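Visitor: Please see the structure below; I have some questions.
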Amino acid sequence: IDFDLLLENMRDLNALAGEGLSEIEHTPRGARLRQPESLPLTLYQDGMVVGNGPFRPYEEPSTQQYLQDIMDGYFPSELQPRYPNGV
């Protein structure tokens, strides 16, 4: 795994998803600024953890697909149904 490329692509994807920008959230009494939801990704020597999920070894096919999507510059396909605008 090329961790430098992975981290560079994650920064680019985060920027596209609006990292650091606030969204307007309408409330019954007006509106307020809200930070978009984030999903932490923790990388380890032998695997990763997405959010509060289980440990995922790098050898697992779904983990490989997740990382390959990022390495190719795409938002991970397994997250697209839950986060259609990115996260």
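A short reminder: the numbers here are calculations on the coordinates, not readings from a lab. Values in this document were obtained by computation on a predicted structure and should not be read as measured data. When we count neighbours, we look across all protein chains shown, and the Cβ atoms used for this are built from the backbone with ideal geometry, even at glycine.
Visitor: First measure r as the distance between the Cβ atoms of L6 and N52, then evaluate 1/(1 + (r/R0)^6) with R0 = 22 Å and state the FRET efficiency to the nearest 0.05.
Guide: Computed FRET efficiency for L6 and N52: 0.60.
Visitor: Amide H of Y58 versus every other amide H placed in the peptide plane: which residues, excluding those fewer than 5 positions away on the same chain, fall under 5 Å?
Guide: G47, M48
Visitor: Right, next: I'd like the Karplus ³J(HN,Hα) series for segment 47-59: coefficients 6.51, -1.76, 1.60, θ = phi - 60°, whole numbers in Hz, and an x wherever there's a Gly or Pro.
Guide: x, 8, 10, 9, x, 9, x, x, 5, 10, x, 4, 6
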